[in-house]
Amino acid sequence: MPQWPSLQLPAAAAAAARRATPFALCRSSSSSVSASASNQDLVACSWQKEDEAEAQSLVVVGGGAAGVYASIRAKSLAPHLNVLVFDKGRFLSKVKISGGGRCNVTNGHHLEPLGMARNYPRGHKELRGSFFKNHGPQDTMRWFSDHGVELKTEDDGRVFPVTDNSASIVDCLLNEARRLGVSLQAGKAVTGASVTENGKFVVKVEKRTVDFVDHVNAKYVLVATGSSQQGYSIAAQFGHSIIAPVPSLFTFKITDKRLADLSGWKSQIKWKHGNPFRIHVTFPIVKAKLKLDGIKRSAPELTQIGPMLVTHWGLSGPVVLRLSAWGARELHQYNYQAKLTVDFIPDIHIEDVKRILFLHKDHHAKHKINNSFPMEFALVKRFWKFLLEQESLDGDMHWASIPNNNLNTVALRLKQWMFEVVAKGQFKDEFVTAGGVPLSEISLSTMESKKQPNLFFAGEVLNVDGVTGGFNFQNAWTGGYIAGTSIGTLASSNMRQQQPYLQLDGS
């Protein structure tokens, strides 16, 4: 804990006044306290200041993106505010490993609040209002730029530090927090919280590695624990309901020999910096539709267009990850059993695909199949040989010898290839869950609980999750900013009301 200035009290009073927040002498109408002041007056004065100190204290539970960003915002608005951030592990650990160690800070292609909100399977309706207007992607990018982190926007909208190193983001946030005087307490878990009769929070803090238990008093508490059970438990203690969390953003495991043949993963092991890695087949744009047997409706969100990767375990890439997010609850309900239909050339109608194949056959009748390829299908050229093998067509055959039925089947495979999803895979770049505290139980304009005054939430502890591409971090930045603004504003207002009780200038 930080070394706060303390007041020497009689032993009995000191024992009763044990706190983890700073205390100071209160000011009388004169510039100093009379040397003849009695111990009784001094103790009374100290209790008055204890209450003031608690009124100016914030405990942040969780040292991730939302928690640290909120602590910086609150402290910058209310420099007198005592801000303590507790994390049971290391600060910003998820930020450090996200994006393959590059940290996908936000998304630069969805700057309008309404367009931004559409990227949140849980939250797309609630976040259409003022949420991103208060602090959107451009605000996030400006903040990091102003604090010395140069960013770049890639073609797909993902924003990264130009260093391609998440340490640029981590160091920036932690250095700014420390510069402002935020107390960062790593390796300490908040295991409980309660409210006293006068509305103050008592937060129980434990350090698992040693026999350590402490109780911290605070006026404000922000829960920003991500998908940790720790945050759900605290929320439940104050009467909040919890929507059961389930995985979001994962790949599809497909045990289909055709995919294993297509990926060619056994023969595509390369070496980089002395380490093996696999080269996967990538399709720059496909249209994929997810269907679950128990669900009759056809939600538009369960059809996605974008890049897709064929891996040795199944399918991955942005289009699959978006489907996993939008279908997270249904997929969990049906034990990750589903059907996936893939259109490999979504810009061409199936009848046009057939026409192109038949015209190519007429115009290149004497050419071998492997030596003559319809240029309209250029995006799936690497797929072409594999398609022919699926139809048992030898690449040395001439186009004239291909039966029309085989061409019709090739057209159908290009437009409607069905895969059976048998399980979920992993996506190591992002770790996201659907579920948490319902948005209906907080005020999105302040991030304050509707059930407990001065209790705030931000980040993934809420029932908000975004698709891949920087949207989950933007939810953390925005929620943290709003919560920090609310707390900092309240603390500053309270300080102005307590001006008659100022600190002693010196003694």
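Students often forget the sequence filter, so: which aspartates and glutamates lie under 12 Å Cα-Cα from K450 once same-chain residues fewer than 8 apart are removed?
E441
Report the extension gain between K204 and N335 in nm, rounded to one decimal, defined as 0.36 nm multiplied by the number of residues separating them, less their alpha carbon distance.
43.4 nm
Give the long-range amide H neighbours of S248: residues separated by 5 or more places, or on another chain, with amide H under 5 Å away, using H modelled in the peptide plane at 1.01 Å from N.
Amide H neighbours of S248, under 5 Å, 5+ apart: V432, T433, A434.
Please compute, for the alpha-carbon atoms of segment 159-234, the extent along each of the three principal axes and give them in descending order in Å.
50, 27, 23
Tell me the carbon and sulfur percent of the accessible area for segment 90-235, rounded to whole percent, probe radius 1.4 Å.
Whole-percent figure for carbon plus sulfur exposure: 45.
Could you tell me the extents of segment 423-478's C-alpha atoms along the three principal axes, largest first, rounded to whole Å?
Its Cα atoms span 41, 23, 13 Å along the three principal axes.
Which translational diffusion coefficient, to the nearest whole µm²/s, is obtained for segment 379-450 from the Stokes-Einstein equation, given a Kirkwood hydrodynamic radius over C-alpha pairs, 4 °C and 1.567 mPa s?
Diffusion coefficient, whole number: 74 µm²/s.
Counting only residues 5 or more places away or on other chains, whose amide H sits under 5 Å from the amide H of L151 once H atoms are built in the peptide plane?
V162
Over segment 279-417, with every protein chain in place, what whole percent of the accessible area is carbon and sulfur at 1.4 Å, could you tell me?
Carbon and sulfur together cover 51 percent of it.
Per residue, what accessible area does segment 356-404 have, given a 1.4 Å probe and all protein chains present, in Å²?
Per-residue value: 58 Å².
If the cut-off is 12 Å between C-alpha atoms, which aspartates and glutamates fall inside it for K385, apart from same-chain ones fewer than 8 positions away?
D261, D394, D396
The values are calculated or read from the model by the stated rules, or taken from the named source; none is laboratory data. Because the structure is a prediction, the values reported are computed rather than measured. Each accessible area value is taken on the protein alone, full model and side chains, heavy atoms only, with ligands, DNA and RNA left out. Shrake-Rupley method; radii C 1.70, N 1.55, O 1.52, S 1.80 Å.
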